[in-house]
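Since the structure comes first, as structure tokens, the remarks are kept for the end.
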Amino acid sequence: MVSEHSDAADDETSALALKILVAGGFGVGKTTLVGAVSEIRPLRTEELLSEAGRSVDDTDGVDQKVTTTVAMDFGRITIRSGLSLYLFGTPGQDRFWFLWDELSQGALGAVVLADTRRLEDCFPAVDYFEHRHIPFVVAVNCFTGARSYGAQDVSRALDLDQGTPVVLCDARDRDSGKEVLIRLVEYAGRMHTARLLDSVS
Ligand SMILES: Nc1nc2c(ncn2[C@@H]2O[C@H](COP(=O)(O)OP(=O)(O)OP(=O)(O)O)[C@@H](O)[C@H]2O)c(=O)[nH]1
Ligand SMILES: [Mg+2]
């Protein structure tokens, strides 16, 4: 007899869980994206932006923002039966860079969120993943009121390697966020397979 319990256990063992980072500049919508797509209540580490931090935090363009991530966001999404993603949102401010190496251990790939009004803020994240050969997609979070640019324009402005996907999204929208993650999984899968084949040839 197969009990419900062992069915569940089998499902658990055959399920694949992949680690994905959600990175990008300060206030670009990382916490928003993880919260929008997560099926579990997301873990957040938000702290109030302090007066003391105003001199070091670049809050230009994110005037409404009162909190910031100080360690990470965590969420989970099932892409399809047997495939879940564990999402780790990174802190956006420079002073928390030391956490990135820890967070990126074992990651399949990353989403670099970008805001076209402050595109340069995502350069450090792009550099970080390029140097470590971690596959990433750039997701342009289309804030209301921001001028819209095509994926090609963004790719050129960021001087991305040919083939690096650029996707337009709304970080507040679950389906839009899920689409970004699917693009990343497909792209990262192709990159890892190509590397594996290279290493055996
Ligand atoms: N209009 C609009 N507002 C957004 C969107 N995404 C995020 N926001 C708002 O922008 C602000 C910043 O969002 P967060 O998700 O905290 O940004 P973050 O990248 O996690 O910020 P840090 O962790 O401080 O680097 C919040 O007030 C969000 O409500 C969006 O797509 N459109
Ligand atoms: Mg955040």
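The values are calculated or read from the model by the stated rules, or taken from the named source; none is laboratory data. All figures in this text were calculated on a predicted structure; none of them were measured in a lab. Cβ sites come from the backbone with ideal geometry, for glycine too, and all protein chains shown count toward neighbours. In case anyone asks, the SASA skips ligands and DNA or RNA and just uses the protein heavy atoms, side chains included. Shrake-Rupley method; radii C 1.70, N 1.55, O 1.52, S 1.80 Å.
Kindly evaluate G145 against the criterion of being at positive phi and either modelled with pLDDT under 95 or in contact with a His (Cβ under 7 Å, 6 or more places away or on another chain) (or both). Yes.
Could you list, in sequence order, the residues of the stretch 153-184 that are assigned to a helix (DSSP H, G or I), over 16 Å from E120 (Cα atoms) and out of contact with any Leu (no Cβ under 7 Å at 6 or more places or on another chain)?
If we filter the stretch 153-184 for residues that are assigned to a helix (DSSP H, G or I), which is where we start, we get 153-157, 174-184.
Those left that are additionally over 16 Å from E120 (Cα atoms): 174-184.
R174, D175, S176, K178, E179, V180, I182, R183, L184, listed by residue number.
In the stretch 181-201, is there at least one residue being among the acidic types (D, E), at pLDDT 95 or above and surrounded by 14 or more Cβ atoms within 10 Å (Cβ to Cβ)? No: zero hits.
Residues that are buried (at least 17 other Cβ atoms within 10 Å of the Cβ) and closer than 18 Å to W97 by Cα within the stretch 112-123 comprise V112, L113, A114, D121, C122, listed in sequence order.
When the residues of the stretch 125-144 are filtered to those that are open to solvent by 70 Å² or more (accessible area, probe 1.4 Å) and charged (D, E, K, R), the one that is farthest from D94 (Cα to Cα) is R132.
Can you pull out every residue in the stretch 95-107 that is open to solvent by 30 Å² or more (accessible area, probe 1.4 Å), of a type outside the set (A, V, I, L, M, F, W, C), over 13 Å from T69 (Cβ atoms) and in a helix (DSSP H, G or I)? Once the filter is applied, which keeps residues that are open to solvent by 30 Å² or more (accessible area, probe 1.4 Å), of a type outside the set (A, V, I, L, M, F, W, C), over 13 Å from T69 (Cβ atoms) and in a helix (DSSP H, G or I), the stretch 95-107 yields D101, E102. For first residues located in the stretch 24-51 and of a type in the set (D, E), partners that are assigned to a loop (DSSP other than H, G, I, E, B) and lie 6+ apart or on another chain with Cβ distances below 6 Å form the pairs E47/V70. Taking every residue in the stretch 157-170 that is closer than 17 Å to E186 by Cβ and without any contact (Cβ under 8 Å) to a residue 24 or more places away in the chain and pairing it with any residue that is assigned to a loop (DSSP other than H, G, I, E, B) and of a type in the set (G, A, S), at least 6 positions away or on another chain, yields no pair with a Cβ-Cβ distance below 7 Å. Just one of the listed residues (K30, K65) is under 22 Å from F123 (Cα atoms), among the charged types (D, E, K, R), within 12 Å of ligand 2 (Cβ to nearest atom) and at pLDDT 90 or above, namely K30.
Exactly one residue among S14, S84, S50, S55 is modelled with pLDDT under 90, over 30 Å from R118 (Cα atoms) and among the polar types (S, T, N, Q), and that residue is S14.
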